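The values are calculated or read from the model by the stated rules, or taken from the named source; none is laboratory data. Keep in mind that what you see is a predicted model, and the values were worked out from it rather than measured. Note: ideal-geometry Cβ built from the backbone for every residue, glycine included; neighbour counts use all protein chains shown. SASA here: full protein model, heavy atoms, side chains in, ligands and nucleic acids out. Shrake-Rupley method; radii C 1.70, N 1.55, O 1.52, S 1.80 Å.
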Number of protein chains: 2
Amino acid sequence: MKRIGVEDVALAVPPGAREHLLDTASAIMRDGDIVDISLSELSLRSGLNSALVKYYFGNKAGLLKALLDRDWQAIVRSVDALVAKGDMDPEAKLRRHISKVIDTFYAVPYLNRLTMRMVRESDDAEARRIADCYLSPIYRAYEDLIGEGVRAGVFRSVDPQLFYFTVTGAVDRFFSTRLVMKYCFDQDTLTEELRDRYREHTIDIIMAGILAR
Amino acid sequence: MKRIGVEDVALAVPPGAREHLLDTASAIMRDGDIVDISLSELSLRSGLNSALVKYYFGNKAGLLKALLDRDWQAIVRSVDALVAKGDMDPEAKLRRHISKVIDTFYAVPYLNRLTMRMVRESDDAEARRIADCYLSPIYRAYEDLIGEGVRAGVFRSVDPQLFYFTVTGAVDRFFSTRLVMKYCFDQDTLTEELRDRYREHTIDIIMAGILAR
């Protein structure tokens, strides 16, 4: 275990501490249905000294940026791999993709709101980096995925940009409205059963909406 | 013009001042893509003394509550009237409804986020009032609207609760992501042309998704 000094605080750095801080920050935002964290809660739940946040991320904004990067990089990698798959037809790819979007927002329901917050609070260069690294690649993947299906005559001709908003909006909204669930439907938790019901519903509606007949 | 005294400030109350404050608060949140207002900006843009906020609404939270009530009451009235229409078939009603949802979020793109904020920041009784007065009636309207179409054999059998999230999510997301537009698509404003393109796209996808074949 190495020892570091931050602002006159010498502390031990447990192995995996950076990852553990990100995991804990993610869990706090998911559990609280919020896009913010308090460093004292982070320290309490992670069991790690909050000086480690300064050491790894500079400050809370740096931690949030690192979390955004972590979550988005996983998504972009996964979507790119799906689009590149040669042995899968466009319909199967789109079904698989929608299913993955459900898994993603179930795991990180705060992601869209965190992204908007970071874009809003960043300077122009950082906002453009977020758009270029994460939002534009997903949009281009939609152009490829939808375009392939349209050319194959499997999909009706729809605008990939608008379709992107339809899919991600329908999914994001569901998983970021726990409070609606609580007060309207007496259901306070995002259960796996609810996730799977919404997965089936969403794939059903969206695929029927885009498939050529 | 009557004169009122609020905290030792005697000021004139122009006719329509309450409505004008709400209109201005709505415009500020729409223009800034935010769910908050500063009272000084409200005073500047409305041309009204900010003591009038205290007079009509008590404080900023009271103003936001009044805006939430104003926006939602219009929606609930409109949806109830649509469901009750005897001379329109379920498919036409649903098309009309989706079109109205587009108009609503174009006019008040902050509404879902404001609702979530107010539910989160309210005590349990007020949160339940918001759910009972605004969210539950819309959900019941979906049960009626979808149920009517399913019984008529026009719609496939879908869960009205999940369908509600699909429709409102797809629309809400589009109009509350101006920043994505700006950085990904170099399009910074919600134009009427863009609204109408998204209207056509959404009705196309969702109707194809639900109609029985």
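Listing for the model above:
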item: Spatially proximal aspartates and glutamates relative to A:LYS65 (Cα-Cα < 16 Å; intrachain offsets below 8 disregarded); result: A:GLU19, A:ASP23, A:ASP36, A:GLU121, A:ASP123, A:ASP124, A:GLU126, A:ASP132
item: Distance (nanometres) between label positions extended 7 Å along Cα→Cβ at B:ARG70 and B:ARG96; result: 2.7
item: Length gained when the stretch A:ASP36-A:ASP124 is fully extended (0.36 nm per residue, less Cα-Cα span); result: 29.5 nm
item: Surface accessible to a 1.4 Å probe, per residue, for the residues of chain A, Å²; result: 43
item: Between B and A, accessible area buried - total, square angstrom, nearest 100, 1.4 angstrom probe; result: 4600
item: Whole-number percent relative contact order across chain B, with pairs defined as alpha carbons under 8 Å at least 6 apart; result: 19
item: Listing of region B:196-213 residues, each with accessible area lower by at least 10 Å² in the full protein assembly than in the chain alone (probe 1.4 Å); result: B:ARG197, B:TYR198, B:HIS201, B:ASP204, B:ILE205, B:ILE206, B:ALA208, B:GLY209, B:ARG213
item: Cβ-placed point charges (K, R +1; D, E -1), dipole of the protein assembly as shown about Cα centre in debye, nearest 20; result: 0
item: Cβ-based charge dipole, region A:65-210, positive-most Cα from A:ILE205, A:PHE105, A:SER122; result: A:SER122
item: Dipole magnitude of chain A about its Cα centre (Cβ charges: Lys, Arg +1; Asp, Glu -1), debye to nearest 20; result: 160
item: Two-decimal Rg to Rh for the protein assembly as shown - Kirkwood Rh, Cα set; result: 1.00
item: Segments B:161-170, A:16-25 sorted - mean Cβ within 10 Å per residue, highest first; result: B:161-170, A:16-25
